[in-house]
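*Asks:* Sharing a structure here in structure tokens format.
Every number in this text was worked out from the coordinates using simple rules, so none of it is lab data. Owing to the predicted nature of the structure, the values given are computational and were not obtained by experimental measurement. Every residue, glycine as well, gets a Cβ built from its backbone with ideal geometry; the counts of neighbours run over all protein chains shown.
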Amino acid sequence: MTPPTDTVLRVTDRIITRSETSRAAYLKRMEAARIKGPARAHLSCSGQAHAYAASGPDKDRLSEVSAGNLGIVTTYNDMLSAHQPFERFPELIRAAAREVGGTAQVAGGVPAMCDGVTQGEAGMELSLFSRDVIALAASVALSHNTFDAAVFLGVCDKIVPGLVIAAQAFGHLPAVFLPAGPMQSGMPNDEKSKVRQQFAAGECRRDRLMEAEMAAYHGPGTCTFYGTANTNQMLMEFMGLHLPGASFVHPNTDLRDALTREGAKRALNLSALGNDYTPVCSILDEKAFVNGIVGLNATGGSTNLLIHLVAMARAGGIVLDWQDFSDLSEVTPLMARVYPNGLADVNHFHAAGGLGYMIGELLGAGLLHADTRTIAGTGLEHYTQEPRYADGTLSWRAGAGESLNEKILRPAKVPFQPTGGLKRLTGSLGTAVIKVSAVAPEHQVVEAPARVFHDQGEVNAAFKAGELTGDLVVVVRFQGPKANGMPELHSLTPILSILQGRGQKVALVTDGRMSGASGKVPAAIHVCPEAVDGGPIAQLQDGDLVRVDAVAGVLEILAEGVADRLVATPDLTANQAGTGRELFATFRNTVSAATAGATIFGG
């Protein structure tokens with residue numbers, strides 16, 4: 001394998017230095033937990049009886065405390081397509097555990113919400129906070145302290161990051177993440193997007209929109225575009241918490257079931273009672289997070305991970321900042337074109353060679369740390385292999401040595417573009433991030449008058465009234481984590497795309513999130529300080545000249561006297577109640593800035 005490049009080493013070293021104190025404290029806690037040994041041995045007989053009372057055929061084996069007990073943390077529900085397949089997983093896992101002399105119990109369920117359902121609705125204001133709720137709920141599940149390893153069943157946007165945060169709280173235990181896989185391909189994503197734009201422009205009826213959406217989202221599994229959910233799956237392979245090649249295998253297939261069973265067995269083998277003790281704290285180190293950031297850049301992944309990876313890392317005492325992402329982006333080639341960055345979906349990407357091919361290419365280019373520990377063993381080269389299931393046997397073999405479709409997946413030396421497309425922006429308007437992997441070069445610099453709004457509904461009303469004319473920077477503020485939970489503003493995508501398609505220069509600036517589906521319109525998002533903290537974005541007025549420059553990394557107010565103005569103070573009471581929002585006041589009051597992961601957890 002090619003040694004890591006100077007940039008990869010430099011960024012890794014500064015993360016290690018920056019994290020030295022907090023990482024050492026975290027590892028000390030994990031070592032203290034480890035030396036206590038298998039947890040059940042320390043429970044009282046009464047406590048153990050409570051834990052084993054309903055375990056049926058596993059009761060005697062559990063009471064012996066000599067075989068590993070596997071905790072299952074599940075996000076199963078049958079409303080969400082990505083999580084419905086998990087209904088079958090616990091029985092598969094229990095049976096697999098018994099085959100190797102162990103046991104498995106469902107430790108607990110955690111919530112799983114879908115941003116696709118809540119887009120533009122009040123429920124979206126709970127979406128980001130659900131990540132930390134998931135971490136708390138998973139910690140409650142594992143707090144019974146009766147488990148020697150854990151498997152985590154989760155896929156989508158805030159769910160995997162929340163589960164990773166919890167896994168690190170119990171970092172002395174092994175953790176294996178078991179995905180459900182993507183749904184079969186339906187209506188092509190670009191066709192669906194066209195119908196959405198037609199509906200936004202009043203060119204088609206709602207029944208046509210509904211028909212298109214149902215044709216796109218039509219069965220069990222993850223949505224097939226490359227948003228946050230599928231970016232999560234990519235990260236779990238690049239960071240070594242999935243079995244190799246597990247991310248994009250369809251639900252309810254023989255191969256998916258075999259991978260689920262093998263994941264359970266692997267988790268028990270990695271426990272202190274197994275043959276290859278590998279706690280999650282030894283997998284998720286600084287090098288693993290650098291590998292994850294490189295994967296994010298190489299695939300053109302979701303902007304949401306600029307928040308989630310920071311929060312995930314901090315749970316293990318590792319301190320990332322957005323400059324790390326930007327610097328690694330500068331040396332990481334964009335190797336994939338998957339919708340919204342191209343026409344293909346994740347099934348096409350997987351068929352073209354997928355993550356195994358990408359990891360092999362990036363290892364060869366010296367852009368990944370090859371020596372990381374993973375659930376598959378030491379060395380990221382395990383993840384260049386792909387699984388096969390034949391004649392009742394699961395095995396791995398060398399993956400595609402070349403791209404099978406260079407319209408979707410290209411070699412590292414001949415990429416779609418030389419950089420990953422994630423950029424940190426700084427200037428008099430604050431700091432922000434922008435994703436330009438799908439933004440044409442002629443749209444990457446916009447200097448235009450601001451049009452200021454306080455929610456996306458106001459933008460929609462102005463669009464329908466024909467007010468959004470000429471070149472403009474659409475500013476949507478008071479959308480940060482402290483203001484209203486930082487909802488995604490994905491419903492703005494069709495409107496902004498229409499304006500850009502008319503020949504207008506247009507950009508978005510917001511202290512909110514855009515989406516894992518950020519697309520062709522330049523969007524400076526996650527602006528810090530947010531408006532509710534009195535950031536400069538709260539002093540902007542209609543007509544102020546603003547420059548969004550993704551090439552130079554600049555986010556500037558070009559108007560005079562803006563800093564002398566009073567900050568805007570809108571009435572946010574409507575965001576504080578209804579749809580459960582009143583229960584999340586503590587989250588809004590304690591959440592950190594987006595630059596620190598927008599989390600309620602300190603560190």
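*Asks:* Counting Lys and Arg as +1 and Asp and Glu as -1, each charge on the Cβ, what is the dipole of region 132-221 about the Cα centre in debye, to the nearest 20?
*Replies:* Charge dipole, region 132-221, about its Cα centre: 200 debye, nearest 20.
*Asks:* What percent does the relative contact order of the chain come to when contacts are Cα pairs within less than 8 Å and at least six residues apart?
*Replies:* Relative contact order of the chain: 15 percent.
*Asks:* From the residues G316, L540, L367, which one has its Cα farthest along the dipole of the chain in the positive direction, the dipole being from +1 and -1 charges on Cβ of Lys/Arg and Asp/Glu about the Cα centre?
*Replies:* The residue sitting farthest along the positive end of the dipole is G316.
*Asks:* Also, I was wondering about something else. Which order, highest average first, do 465-478, 308-321, 200-213 follow once you tally other Cβ atoms within 10 Å for each residue and take the mean per peptide? Working shown, then result.
*Replies:* Values: 465-478: 18.1, 308-321: 24.8, 200-213: 13.7.
Per-residue mean Cβ counts within 10 Å order the peptides as 308-321, 465-478, 200-213.
*Asks:* Could you work out how much longer the chain between L566 and E467 gets when fully extended? Use 0.36 nm per residue separation minus the Cα distance between them, nm to one decimal. It would help to have the intermediate numbers written out before the result.
*Replies:* Working: separation 99, 0.36 × 99 = 35.64 nm, distance 2.61 nm.
Full extension from L566 to E467 adds 33.0 nm.
*Asks:* Tell me, what is the percent relative contact order of region 422-575, built from C-alpha pairs under 8 Å that lie six or more residues apart? Show your work: numbers first, answer last.
*Replies:* On the way: 353 pairs, mean separation 48.6, N = 154.
Contact order relative to length: 32 percent.
*Asks:* Here is a follow-up. Full-extension gain between I35 and D254, please, as 0.36 nm times their residue separation minus the C-alpha to C-alpha distance.
*Replies:* 74.9 nm
*Asks:* Apply 1/(1 + (r/R0)^6) to the Cβ-Cβ distance of V445 and T586, taking R0 = 35 Å, and write down the FRET efficiency to the nearest 0.05.
*Replies:* Efficiency, from the Cβ-Cβ distance: 0.30.
*Asks:* Could I ask something else about it? Please find the FRET efficiency linking V100 to D371, where r is the Cβ-Cβ separation and R0 is fixed at 25 Å, and quote it to the nearest 0.05.
*Replies:* 0.35
*Asks:* Right, next: Quick check: from the Cα gyration tensor, does region 429-494 come out rounded (a/c under 1.5), prolate or oblate? Write down the numbers at each step before the final one.
*Replies:* Values: a/c = 1.61, a/b = 1.08, b/c = 1.49.
Verdict is oblate for region 429-494.
*Asks:* What residues have an amide H closer than 5 Å to that of T374, excluding those fewer than 5 places away on the same chain, when H is modeled at 1.01 Å from N in the peptide plane?
*Replies:* Close amide H contacts, sequence-distant or interchain: G379.
*Asks:* Could I ask something else about it? Compare the Cα positions of C45, M236, P529 along the charge dipole of the chain (+1 at Cβ of Lys, Arg; -1 at Cβ of Asp, Glu; about the Cα centre) and return the one farthest towards the positive end.
*Replies:* Of the candidates, C45 comes out farthest on the positive side.
*Asks:* Figure the gain on full extension for K413 and L43 (residue separation times 0.36 nm, minus the Cα-Cα span) and round it to one decimal in nm.
*Replies:* That works out to 127.6 nm of additional length.
*Asks:* Report the label-to-label distance for T426 and T17 in nanometres (one decimal), using points 7 Å from each Cα along the Cα→Cβ vector.
*Replies:* Each label point lies 7 Å from its Cα, and together they span 1.6 nm.
*Asks:* May I pose another question? Can you give the calculated 222 nm mean residue ellipticity of the chain, where each DSSP H run of n ≥ 4 adds -39,500 (n - 2.57) and the sum is split over every residue, rounded to the nearest 500 deg cm²/dmol?
*Replies:* -10500 deg cm²/dmol
*Asks:* Under the rule a/c < 1.5 gives rounded, and otherwise a/b versus b/c splits prolate from oblate, where does region 422-575 land using the Cα gyration tensor? Walk me through the intermediate numbers first.
*Replies:* Values: a/c = 1.31, a/b = 1.18, b/c = 1.11.
Here region 422-575 falls in the rounded category.
*Asks:* Just how large is the dipole of region 1-135 about the Cα centre, in debye to the nearest 20, putting +1 at every Lys and Arg Cβ and -1 at every Asp and Glu Cβ?
*Replies:* Details: 15 positive and 15 negative charges, 137 e Å.
In debye, rounded to 20, region 1-135 gives about 660.
*Asks:* Can I ask one more? Under a Cβ-only charge scheme (Lys and Arg +1, Asp and Glu -1), can you give me the dipole magnitude of region 87-151 about the Cα centre, in debye to the nearest 20?
*Replies:* Values: 4 positive and 8 negative charges, 53 e Å.
It works out to roughly 260 debye.
*Asks:* Taking Cα centroids, how far is region 64-106 from region 222-263 in Å?
*Replies:* Answer, in whole Å: 16.
*Asks:* Need the C-alpha centroid separation for region 324-362 versus region 478-557, integer Å.
*Replies:* Comparing the Cα centres of region 324-362 and region 478-557, I get a distance of 25 Å.
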